[in-house]
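The values are calculated or read from the model by the stated rules, or taken from the named source; none is laboratory data. None of the values given here were measured: they were computed from a predicted structure. All Cβ positions, glycine included, derive from the backbone under ideal geometry; neighbour counts span all protein chains shown.
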Amino acid sequence: MKAYLRSARIAPKKAAVIAQMVRGLMVPAALDSLEHTHKKGARMILALLKSAVANASHNDKQRMEELVIRSIVVNQAQGYRRGVSMARGRMRPVRKFLSHIEIVLGVQDAESEGKKNKRKEKSTRNQKNGAKASQEQEKPVQGGAPSKKKTTKHASSDFNTPKSV
């Protein structure tokens, strides 16, 4: 259950921000989130996600409510080389970047939901234990500020006295 968008006229950095926003979400939540995001990349990824959902429902007979975004990858494609005019007839090179975007959908199982809940419980326990352990490890620093070496400047009279010949 995949969909590809090749050579999309958007910079990969801009598309990756939107991709990170919906990565790992359920499809209905991702569609809602993308519809309310006012970015060009959101419109592109929304159309691509709808295409992936259509592929899943037509080819694999899957329901949209059960689908989850397994992975969404944004890669850099070949860029256009353009130029901006400068003084004295010169041109400053400008690259117009393109992107390849790939979405892979999967079906969320009841087992994977249970694993996620266990992970959340485990991480909250570790955070509580970690906070307690870090409080015990804090010890006051004994002693004062480190001492600085006192340096003395030696005035040399060699530069001020005239040499006799």
Got at least one residue in region 15-26 being exposed (fewer than 14 other Cβ atoms within 10 Å of the Cβ) and either closer than 27 Å to residue 109 by Cβ or in contact with an Asp or Glu (Cβ under 6 Å, 6 or more places away or on another chain) (or both)? yes
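Restricting to region 50-101, and then to whatever is hydroxyl-bearing (Ser, Thr, Tyr) and assigned to a strand (DSSP E or B), can you tell me which residue is farthest from residue 35 (Cα to Cα)? Show your work before the answer.
Applying the first criterion (hydroxyl-bearing (Ser, Thr, Tyr)) to region 50-101 yields 51, 57, 71, 80, 85, 99.
Keeping just the survivors that are assigned to a strand (DSSP E or B) gives 71, 80, 85, 99.
Numbers: 71: 19, 80: 29, 85: 38, 99: 21 Å.
So the residue we want is 85.
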Within region 1-14, track down each residue that is buried (at least 16 other Cβ atoms within 10 Å of the Cβ) and assigned to a loop (DSSP other than H, G, I, E, B). 1, 10, 11
Which members of region 71-92 meet the condition of being in contact (Cβ under 8 Å) with a residue 40 or more places away in the chain and either exposed (fewer than 11 other Cβ atoms within 10 Å of the Cβ) or in contact with a Leu (Cβ under 6 Å, 6 or more places away or on another chain) (or both)? 77, 78
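Give me the residue from region 15-36 that is without any contact (Cβ under 8 Å) to a residue 24 or more places away in the chain and of a type in the set (A, V, I, L, M) and, out of that set, nearest to residue 68 (Cα to Cα).
Filtering first and then ranking leaves 29.
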Single residue of 65, 111 found to be modelled with pLDDT of 60 or more and acidic (Asp, Glu): 65
